[in-house]
Amino acid sequence: MSEFRTITPEEFSGNPFTLIGRDWMLVTAANPGDGLRGGEDYNTMTASWGGMGILWGKPVAFVFVRPQRHTFSFTEKNDRLTLSFFGPEYREALNLCGTTSGRDCDKAAECGLTPASETDENGRAVWFREARLVLLTRKLYAKPFDPEAFLDRGSRDMYPKDDFHTVYVCGIEKILEKT
């Protein structure tokens, strides 16, 4: 991990609107163990929905995963998630990770990303060495969207198949920044 330095949330200077909404991120969750075979030991998916802030007196990130995504089964079984952010040279890799299922291939291997991991009392976290910024998080809350709670019909209309995202609110445990 020498290519990264750990920073605190207070030292974080990224713009979440740009990082998530424009640049995108990889959301990654892993099974326990030591293997790093994508789609089997962990899975990753591209996301452009999410945010960061303070909730319950803690720095948090929140992400959304639909139930049909292969990553969903990993996020449901494990307490830790990572959010990896990349430079523009990795846009093609993020496109592949957003359009290809980990059920069918090892997406990281297909796009030349190198997985790294650590395990602690909350489970295993997997991220990618090519990332410029990584948030290692632990789930604090998970709940599928309630169809009755939508106040904006246009937002509700994004779910014609009723395949509502699950929202994960995650405490930020560590932020790794590329040195």
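For the range 1-56, the set of residues classified as in contact with a Pro (Cβ under 6 Å, 6 or more places away or on another chain) and among the aliphatic types (A, V, I, L, M) consists of 36, 52, listed by residue number. Tally time: how many residues in the range 92-112 are of a type outside the set (S, T, N, Q) and touching a residue at least 40 places away in the same chain (Cβ under 8 Å)? Summing the residues that are of a type outside the set (S, T, N, Q) and touching a residue at least 40 places away in the same chain (Cβ under 8 Å) in the range 92-112 gives 11. Within the range 49-75, the only residue that satisfies the criterion of being more than 18 Å from residue 173 (Cβ to Cβ), under 10 Å from the mean Cα position of the chain (by Cα) and of a type in the set (Ser, Thr, Tyr) is 71. I'm checking my understanding of the structure. Among residues of the range 8-33 that are part of a loop (DSSP other than H, G, I, E, B) and in contact with a Ser or Thr (Cβ under 8 Å, 6 or more places away or on another chain), which one is nearest to residue 60 (Cα to Cα)? Looking at the filtered set, the residue picked out is 24. When only residues in the range 32-55 that are among the polar types (S, T, N, Q) and touching a strand residue (DSSP E or B) at 6+ places or on another chain (Cβ under 7 Å) count, which is surrounded by the fewest Cβ atoms within 10 Å (Cβ to Cβ)? Applying the filter and picking the extreme gives 46. For the range 113-123, state whether one or more residues are touching a helix residue (DSSP H, G or I) at 6+ places or on another chain (Cβ under 6 Å), surrounded by 15 or more Cβ atoms within 10 Å (Cβ to Cβ) and at pLDDT below 95. Checked against the condition, which is being touching a helix residue (DSSP H, G or I) at 6+ places or on another chain (Cβ under 6 Å), surrounded by 15 or more Cβ atoms within 10 Å (Cβ to Cβ) and at pLDDT below 95, the range 113-123 yields no hits at all. Only one residue in 39, 14 is over 19 Å from residue 89 (Cα atoms) and not hydroxyl-bearing (Ser, Thr, Tyr). Which one? The unique qualifying residue is 39.
Taken over the range 144-171, the criterion of being part of a helix (DSSP H, G or I) and either surrounded by 17 or more Cβ atoms within 10 Å (Cβ to Cβ) or under 24 Å from the mean Cα position of the chain (by Cα) (or both) is satisfied by 147, 155, 156.
The values are calculated or read from the model by the stated rules, or taken from the named source; none is laboratory data. Since the model is a prediction, treat every value here as computed from it, not as a measurement. Neighbour counts are summed over all protein chains in view; Cβ atoms, including those assigned to glycine, are modelled from backbone coordinates with ideal geometry.
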